[in-house]
Amino acid sequence: MRINNGLGHPLDRLPPEEVELDTQTWPADSNGLYRSGDVRILVMDDDASICRMIQAALGPNDFKIDVISDPTLMESAIKGQPYHLIILDYVIPGLESEQVLEWIREYQSQASVVVVTAYPSIDSALNCLRARTYDYLTKPFPLAQLQKTVMRCLEGRGLLRMSESALRESLGAAIRERRKALGLTLAQMAQRTGVSLGYLSQIELGKNSASIETLYKISLGLGIKMAELFQTIQPSV
């Protein structure tokens, strides 16, 4: 199979239930993350339908995705242009798994690797651990799980970042949940912090940005350090 860029793969040969799953939208604006630049992904699996499913699942984020299912072309693909992420089937006919991981270490040293396999074993898991792969997924896996893994990986590398609106909403939700866990009403929280009730409500709803000084007051009112408050922020993927 040739290497293809973008969303060029037809889905008409997939079973109807797979087509429906593949074409579910996964737009970046719904999970609060945006690309800080081009993201290049290489998918290598000897099952062409798996390649198409992964490509379709990740495609709505405008990642540049190359897929390859012909084992004879995989070495040249690895030695080609640099990738940020490689999604690799661990068992590929005609190739030694350790050799493929070695090629990746040598020619794609900056790429993160997510391994997928239908034949999980302790040995393969240990090999992947030694190769410092990012994750190890067992087939069949929900595409949502792969999507979350990819997003988490790219975010960790700084290739995806939270938008300002998503940050406001996530921070507001973290403040609200912490306040409710302490059994405090908005009025009580406003009294504790010296922040007006209306302003505090807008912050919790994610409709207004809080200054550093205000966040410091809120953190004191919640009984936590400001750094701990930001550590609770998670994008909705």
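Read the figures in this text as sums done on the coordinates, not as results from a lab. Computed from a predicted structure; not experimentally measured. Cβ atoms come from the backbone with ideal geometry, glycine included; neighbour counts cover every protein chain shown.
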Determine the percent antiparallel among the DSSP beta bridges restricted to segment 46-139, to the nearest 5. 0
How do 217, 180 line up, fewest other C-beta atoms within 10 Å first? 180, 217
